[in-house]
1. Could you grab the pairs with beta carbons closer than 7 Å, sequence gap of 6+ or different chains, first residue in segment 123-141 and under 14 Å from residue 183 (Cβ atoms) and assigned by TED's automatic domain parsing to the domain that holds residue 189, second one aromatic (Phe, Trp, Tyr) and assigned to a helix (DSSP H, G or I)?
2. Read through the list (1) out of contact with any Gly (no Cβ under 9 Å at 6 or more places or on another chain); (2) surrounded by fewer than 17 Cβ atoms within 10 Å (Cβ to Cβ), then give the number of the only condition that residue 108 fails.
3. Do we find that residue 195 is in the same structural domain as residue 130 (by TED's automatic domain parsing) and outside any loop (DSSP other than H, G, I, E, B) in this structure?
4. Working only within segment 35-83, note down all residues that are assigned to a helix (DSSP H, G or I), surrounded by 15 or more Cβ atoms within 10 Å (Cβ to Cβ), aliphatic (A, V, I, L, M) and touching a residue at least 40 places away in the same chain (Cβ under 8 Å).
5. Going by the structure shown, is residue 256 within 19 Å of the chain's Cα centre (by Cα) and not in a helix (DSSP H, G or I)?
6. Could you tell me whether any residue of segment 84-94 is buried (at least 19 other Cβ atoms within 10 Å of the Cβ), touching a Lys or Arg at 6+ places or on another chain (Cβ under 8 Å) and in a helix (DSSP H, G or I)?
7. Quick one: which residue in 105, 73, 40, 151 is at pLDDT below 85, touching a Lys or Arg at 6+ places or on another chain (Cβ under 9 Å) and on the phi > 0 side of the Ramachandran plot?
8. With the structure loaded, tell me whether residue 271 is over 30 Å from residue 170 (Cα atoms) and part of a helix (DSSP H, G or I) or whether it fails that test.
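The values are calculated or read from the model by the stated rules, or taken from the named source; none is laboratory data. Only a predicted model underlies this, so the values are computations on that prediction, with no experimental measurement involved. Cβ: placed from backbone, ideal geometry, glycine included. Neighbour counts: every protein chain shown.
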Amino acid sequence: MKDDLDETTFPDERLELIFTCCHPALALDAQVALTLRTLGGLSTEEIARAFLVPEPTMAQRLVRAKQKIRSAGIPFRVPADHLLPDRLAAVLAVVYLVFNEGYGGRDDLAVEAIRLGQALAQLMPDEPEVHGLVALMVLVEARRDARLRNGDLVLLRDQDRELWDGAELQRGRVALDRALALQGRGPYVVQAAIAALHAEDPIDWTQIAALYGELYRLTRSPVVELNRAVAVAEAEGPLAGLAIVDRLELDNYHYLHAARAELSRRLDRREEARVAYTRALELAHADHERRFLERKLATL
């Protein structure tokens, strides 16, 4: 993203693109995938990885979505106010996935996602999930400078809190307070509350585990349940966390194997940890994550 782009027109143009791709005539997963491709410039492989599906499957979804837009004559514009809520779920999902891709290494996408979220908050000021998403992204982004050290991944518990952006953390908390004042109880508000708790010292892992339980009730996502397992391990011990991990069917998700490896290591199950770290390394793509896993494997 270029700094000299107009900050008013830039988000509006992107919002028009997002709302076009998130037309209700398209399936939700196609809406999200198509917008990631056109807005974020992500490759089909990257999008497939975000959705945990094979690349050919995602390629077919993208082709069908483009054909649907052409055949249905879907207009390029932000819809009328009364139609906005019907498209909100897909739009928020798109913005959050763009942010996640940016947080994984492309700073420009993370900044773009936050600007889009803020533009949505202006467009829909009474929607708590919009403010929840803004809060979530800003709270996570505030910790960016501490996440890597000399290009290597640093876990939350080992991060230098002096590197966290205090002003951004406060801005995120203000957005979360706005979402809660609007009686927000949706997935993005819950995730923002979890992110806010991660910034506290000491971290209340019991409360975080409870919030992940609520988030799982809302989303039924196995990835959320994996995050709950990590929080439970911090609150109750690695054996309790591992019991949750072993129930999950996420064999192609490297974070599951990394979590299993770490919990097995804490239980001194060194061979199980070695197998899990090796599997995580096979699946990981980002260089800093691969180096982190290689170091962990070497310590065994």
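1. Sorted first by the residue in segment 123-141, then by its partner, the pairs are 129/188; 132/188.
2. With respect to (1) out of contact with any Gly (no Cβ under 9 Å at 6 or more places or on another chain); (2) surrounded by fewer than 17 Cβ atoms within 10 Å (Cβ to Cβ), residue 108 is out only on (1).
3. Working: in the same structural domain as residue 130 (by TED's automatic domain parsing): yes; outside any loop (DSSP other than H, G, I, E, B): yes.
Yes.
4. Residues satisfying the conditions are 36, 39, 50, 65, 69.
5. No.
6. no
7. 151
8. yes
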